[in-house]
Amino acid sequence: MKLQDLEIFVVAPPAPGWGGRYWIFPKLTTDTGVVGYGECYASTVGPEAMKAVIADVFARHMQGENPENIEMMFRRAYSSGFTQRPDPTVIGAFSGLEMACWDILGKDRDRPVWALLGGMMNERLRSYTYLYPQPGQKMSTFWTDPDAQAKAASAMVDLGFTAVKFDPAGPYTLRGGHQPAMSDITRSVEFCRAIREAVGDKADLLFGTHGQFTTAGAIRLGQALEPYSPLWFEEPIPPDNLLEFAEVARAVRIPVATGERLATKAEFATLLRTGGAKILQPALGRVGGIWEAKKIAALAEVFNAEMAPHLYCGPVEWAASIHLGASIPNLLIAETIETGGAFHMKLIRNSIRWEAGFIHAPTAPGLGIEFDEDVARAHPYTGDRLHLEMQEAPCDYANGNDFQGGAPAPTED
């Protein structure tokens, strides 16, 4: 069996667009006719340029190869251009292609992917969701209204979630780390207070940030949140200085979690060695794929650290995360888009089951999903912006900051 053909789908989820502006799905077909699907989360270049990168990685390192030889193909991509270091664009392209190989291998052997990764550890995976506007809530004010988010948290707990995530401490600026505005600290504390009062001890609070603070600024914010005992303090500083995470971890009595923007085990190993994080959040569509994430989970075991796979994209990466989570002993929790996401589920014909706060590990062969190519083709992305973007304007210390959530406006693109 050899990898033969590649097709790439770039899909735009309809408004409100939870999961980003577009999702990139490579489809691989073998010379024996077995088809596999993957998802690339990396978004450092536009979708057309990324399609070209994916095609190059496939043709250069994978086409004509046995899909079993994942380790060899990874080493080719990792070493491409005489690099042998994490490259989010190349490794992101490989990640989606690698997922498709696992989908092929499982289908060829009539076994779910988790069975090829060491077998079943977790039949059900604890899940969490970001807080999104509920029916009747205004999106324009939801992101800065602690009471509105508390109501959304209550609704999610009523569905069965035992953890909810929110991120009120914007902005995410390309200028690098900054000190939080005092108004951002105040708002963050109010969010924790309101949501904790709403859910009591029925759910963990997951405090999200996206690398926007200096080390000192992250410590100031984190210490202010300690009375509400969040389960984690996510990516408090930029991911380009991994050693500084340990400074935050030592100063704040909330576990530090990070990883969605990291690529390969090399970057995660630095965090583990230095004590920078005890909760690792690899995005399988960027980190190197399922096998690389499995290695990261094994490294984490040695350091008594836990895995919480990240998800802010489409349903194929979600499926890959579920198979990883089903196979590892140190799974903490897995991200979902609400209870799976209406368009996410439509795209895979409702082939993943979420129930009362938990995701059930698929039992069908491969990734266990039914990718609907007709739906994918009916929702092409035609814009030229990136999946997610950071703002150029600096933190506003005079007038406050108004972060509008991780989705494009309904009229955008």
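Laid out as a table, the results:
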| read-out | value |
| --- | --- |
| Residue among W23, W318, W291 with the largest mean-square fluctuation in a Gaussian network model of the chain, springs linking Cα atoms under 10 Å | W291 |
| Which labelled figure in [x] 31.4, 101; [y] 20.2, 63; [z] 24.5, 81 is Rg and Dmax of the Cα atoms in Å, once derived from the coordinates | [y] |
| Net +/- balance of residues flanking V316 in space, Cβ distance below 9 Å, scoring K and R +1, D and E -1 | -3 |
| Reach of K202 by Cα under 15 Å, taken over aspartates and glutamates that are not fewer than 8 positions away in the same chain | D158 |
| Contact order relative to length of the range 45-115, as percent, for alpha carbon pairs under 8 angstrom and 6 or more apart | 35 percent |
| For the range 80-122 versus the range 364-385, the gap between their alpha-carbon centres in whole angstrom | 18 Å |
| Alpha-carbon centroids, the range 318-353 and the range 169-246: separation in whole Å | 26 Å |
| Most positive-pole-ward Cα, M182, T144, A334, against dipole of the chain from beta carbon charges | A334 |
| Helix-derived mean residue ellipticity, 222 nm - over the chain, DSSP H n ≥ 4, -39500 (n - 2.57), to 500 | -11500 deg cm²/dmol |
| Antiparallel bridge percentage (DSSP; both residues within the chain; nearest 5) | 45 percent |
| Relative contact order of the chain, pairs being alpha-carbon contacts under 8 Å that are 6 or more residues apart, as % | 24 percent |
| For the range 179-323: rounded, prolate or oblate by the Cα gyration tensor [a/c cutoff 1.5] | prolate |
| Most positive-pole-ward Cα, P255, T29, G170, against dipole of the chain from beta carbon charges | P255 |
| On Cα atoms only, tilt of 146-159 relative to the major axis of the chain in degrees | 50 degrees |
| Among the listed pairs K2/K265; K265/K346; K278/K346; K107/K294; K107/K165, those beyond 24 Å (Cα-Cα) | K2/K265; K265/K346; K278/K346; K107/K165 |
| Sparsely packed GluC sites (Glu not before Pro) within the range 264-371, loop by DSSP, other Cβ within 10 Å at most 13 | E370 |
| Dipole magnitude (debye, nearest 20) for the chain, charges at Cβ of Lys, Arg, Asp, Glu | 640 debye |
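Bear in mind that the values in this text are calculations on the coordinates, not laboratory data. A quick note: this is a predicted structure, and the numbers were derived from the prediction, not measured. Virtual Cβ from ideal backbone geometry, glycine too; neighbours counted across all protein chains shown.
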